[in-house]
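Everything below concerns the one structure shown next.
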Amino acid sequence: MEKEFYAHPTAFIDEGCTIGKGTKIWHFSHIMPNCKLGENCNIGQNVVVSPEVVLGNNVKVQNNISIYTGVTCDDDVFLGPSMVFTNVINPRSAIVRKHEYAKTHVGKGASIGANATIVCGHDIGAYAFIGAGAVVTKTVPAFALMVGNPARQLGWMSEYGHRLEFDKDGIAICRESKAKYKLENGVVTKL
C-alpha cells in the first residue's frame, strides 16, 4: 500500500505513528512513536513531535518547534515559527519527572505566534490568538487575543483572525466574514 502523505528523505518517522492523507513532513523533522497526525497537516523543518502527541486535521506547524508528550491540537491550529510548549512546571536535569508531564490542549482554529511560549497545563481556547513572543501562564478563553510577558488579554478575535469591537449590546461583526459574535459575562460566542 502506498503511503498517502509526503515525508522529505531527511525526516524520520518512528513506528506506530498514524499520519493522515495529504500531510507533509519537511526537512530534518522527527515524528516519534505513537503520534497521530491528521489529514493535510504541514510539519515544517526541524520539528520534533514527541510520543503520543495528537494533531487534528490541517494543523500548520512552522519551523523549529518541539511538540511534547501531553500536547493535543484540534483541527486548523497554527503554530508559528520557533514557538515553545513546555511539559514540566519545575524541570531539573538530575531529577526525572516524566510522570509529571502536564497536558496542554489547543482548541480548534487557534493561532500561536512566532517565539511564543505556552507554559504546560494551560489550555488555549478555540480561535484564540496568541501574539508573537507572548508567554502564556494561564488558561486562555476561546476567541481571546493574548500578548506580552506574561501574556494578558488585549481583546477578542474572530474565527478569521480579525479584532472584534463589541457595541453597547455586546455584539461584534467580523469585518471579513461578516459573522456576528456576542460577548456576555466574559465569554464570546459566534451567533
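The values are calculated or read from the model by the stated rules, or taken from the named source; none is laboratory data. Because the structure is a prediction, the values reported are computed rather than measured. Virtual Cβ from ideal backbone geometry, glycine too; neighbours counted across all protein chains shown.
Total residues in the stretch 135-170 satisfying the condition of being touching a Cys at 6+ places or on another chain (Cβ under 8 Å) and more than 21 Å from residue 108 (Cα to Cα): the figure is 0.
Cβ separations smaller than 8 Å between residues 6+ apart or across chains give the following pairs from the stretch 84-109 residues that are on the phi > 0 side of the Ramachandran plot to residues that are surrounded by 10 or more Cβ atoms within 10 Å (Cβ to Cβ): 109/74; 109/75; 109/76; 109/77; 109/126; 109/127; 109/159. Summed over the stretch 14-43, the residues that are within 20 Å of residue 85 (Cβ to Cβ) and surrounded by fewer than 21 Cβ atoms within 10 Å (Cβ to Cβ) give a count of 10. For residue 64, the criteria (1) more than 20 Å from residue 47 (Cα to Cα); (2) in a loop (DSSP other than H, G, I, E, B); (3) at pLDDT 95 or above; (4) of a type outside the set (D, E, K, R) hold in every case but one, which is (1). Against the numbered list (1) exposed (fewer than 15 other Cβ atoms within 10 Å of the Cβ); (2) out of contact with any helix residue (DSSP H, G or I) (no Cβ under 8 Å at 6 or more places or on another chain), residue 89 comes up short only at (2). When residue 81 is tested against the conditions (1) buried (at least 17 other Cβ atoms within 10 Å of the Cβ); (2) under 12 Å from the mean Cα position of the chain (by Cα), the lone failure is (1).
Please work out if residue 111 is of a type outside the set (Lys, Arg), crowded, with 20+ Cβ neighbours inside 10 Å and touching a Ser or Thr at 6+ places or on another chain (Cβ under 7 Å). So residue 111 fails the test.
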